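The values are calculated or read from the model by the stated rules, or taken from the named source; none is laboratory data. Please read these numbers as outputs of a predicted model, since none were measured by experiment. FYI the Cβ positions are ideal-geometry reconstructions off the backbone, even for glycines, and counts take in every protein chain you see.
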Amino acid sequence: MSRRSGILEFAVLGLLRESPMHGYELRKRLNTSLGVFRAFSYGTLYPCLKTLVANGWLIEETGNSTEDALAAPLAGRRAKIVYRLTAEGKEHFEQLLSQTGPDAYEDETFAARFAFFGQTSRDVRMRVLEGRRSRLEERLEKMSASLARTRERLDDYTLELQRHGMESVEREVRWLNELIESERAGRDLKGPAAGEPASRDTTSGASGDLPRPGGDPRPDSPDDTAT
C-alpha cells in the first residue's frame, strides 16, 4: 500500500467514526478538512471504500432513511450507498490513531493525524507533536547549512526563495512549540475531549478541521453527483 493510500484509508475511517456517510459527503469532507485531498476524485475514493469493505472495516447500507429508500426507485435513481464503520473498523482506526512512529511526522501524514487530534489521547498527541518538531528542526538545520554553502552562487530570487522556505519551517516550529506548551499545561484546543468523536460543521470548518493555507477550500465541481 502506498503512503497516500494509507493516509486516505485513515482519514475515511476517522470521518466515518463520527457518523455514517455516503460517498459524496465523504469526498466533500475530505476536500474541506484535509488539504492533501483537495483535488482527488471518486475514482480514487471508491476503490479505497471497496477495500475497507472487503477488510470488514466498513459495511454498505442502501439509503439512510426509509424515505430515501422509497424515493429513489420512484425517481428512477439508485438509492445512495451509505458507509458505516464496523466494530472491527473502529478498533483498527484506534490502533492507527495510537501509532507514533516516524511516518506520523511526515508532511502529508502529519496533516491527517492532526485533523483527528480531537479523537487522540494526550500522550499520543504529545509524541506526534514532539516528533514533528524534531523532524522540522533537523530540516531547518540542513536548510541553513545548505544556504551557507551556496549563498554566494545564488541569484537574488533563488536566495529569496530559500529564505522563504526557511521562514515557513520556522513558523511551523513556533506553532508546534505553542501546541506542545498547551498540551504540557493540560490545556486542550477548543473541541471535544480526547476519545470522543468531533462534531464538525461541514460548511464552516468547525472543530477538528485542519486549516489549509491558500484560502477557502476549492468548491465542489458542478457536475459532482451523489452516490
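Looking at the stretch 112-125, is at least one residue farther than 17 Å from Glu183 by Cα and within 15 Å of the chain's Cα centre (by Cα)? Yes - at least one qualifying residue is present in the stretch 112-125.
Every residue, every condition in (1) modelled with pLDDT under 90; (2) small (Gly, Ala, Ser); (3) surrounded by 12 or more Cβ atoms within 10 Å (Cβ to Cβ); (4) part of a helix (DSSP H, G or I), yes or no:
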| site | (1), (2), (3), (4) |
| --- | --- |
| Gly118 | no, yes, yes, yes |
| Val124 | no, no, yes, yes |
| Glu130 | no, no, yes, yes |
| Glu138 | no, no, no, yes |
| Ser144 | no, yes, yes, yes |
| Glu152 | yes, no, no, yes |
| Tyr157 | no, no, no, yes |
| Gln162 | no, no, yes, yes |
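No other residue among Arg84, Arg184 is in contact (Cβ under 8 Å) with a residue 60 or more places away in the chain and either surrounded by fewer than 17 Cβ atoms within 10 Å (Cβ to Cβ) or in contact with a strand residue (DSSP E or B) (Cβ under 6 Å, 6 or more places away or on another chain) (or both) apart from Arg84.
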